[in-house]
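Report on the following structure.
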């Protein structure tokens, strides 16, 4: 059996260097495209959430709110985003989910289902009930208390709504925007570095001289 001893003066040929450079450039190019795809997916998701929480409600003069209690389970568990739109009280029907002020003129609201619609002394009133509650709400709801009816709901996005519209929303938005900027910058510089390596490999390949 013949044994060979590695030559201590061995140097990689220019051809092998070109091949290694091209392979490295391909890897960085793949990472770049994966990074761009991930960035695009994250951006699209953020735009969709922003549209659901802010854009669409604004178009119809409605508002987005977060379910905080279990009174409307299983359809509307805590953390659900509910988007309500203004509705003429006369158009509200039994079975609709309405959002109303607990006390007229105050900010606190609740979203429950209408179980009856009546007129008391010529005034339109509603009797409501939480789907998960054993009985009807104790007080009738007057038309002036109605904020609107449920348009659509999205599970879990209510927590996002609380963050975006909470007291620290400016800080949260700044952190998210900064994180996306840093990530985008990293992807861009990785792509630039890969392109430079590929260009160097191509320049080397055009050189007809080779080391033997």
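Does residue 100 qualify as being modelled with pLDDT under 95 and more than 27 Å from the chain's Cα centre (by Cα)?
no
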Of the residues in segment 133-156, how many are surrounded by fewer than 16 Cβ atoms within 10 Å (Cβ to Cβ) and within 29 Å of the chain's Cα centre (by Cα)?
3
Residues (surrounded by fewer than 17 Cβ atoms within 10 Å (Cβ to Cβ) and modelled with pLDDT of 95 or more) located in segment 107-116:
115, 116
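The values are calculated or read from the model by the stated rules, or taken from the named source; none is laboratory data. Fair warning: this is a prediction, and the values are worked out from it, not measured in the lab. Methodologically, a virtual Cβ is constructed for each residue, glycine included, from the backbone with ideal geometry; neighbour enumeration extends over all protein chains shown.
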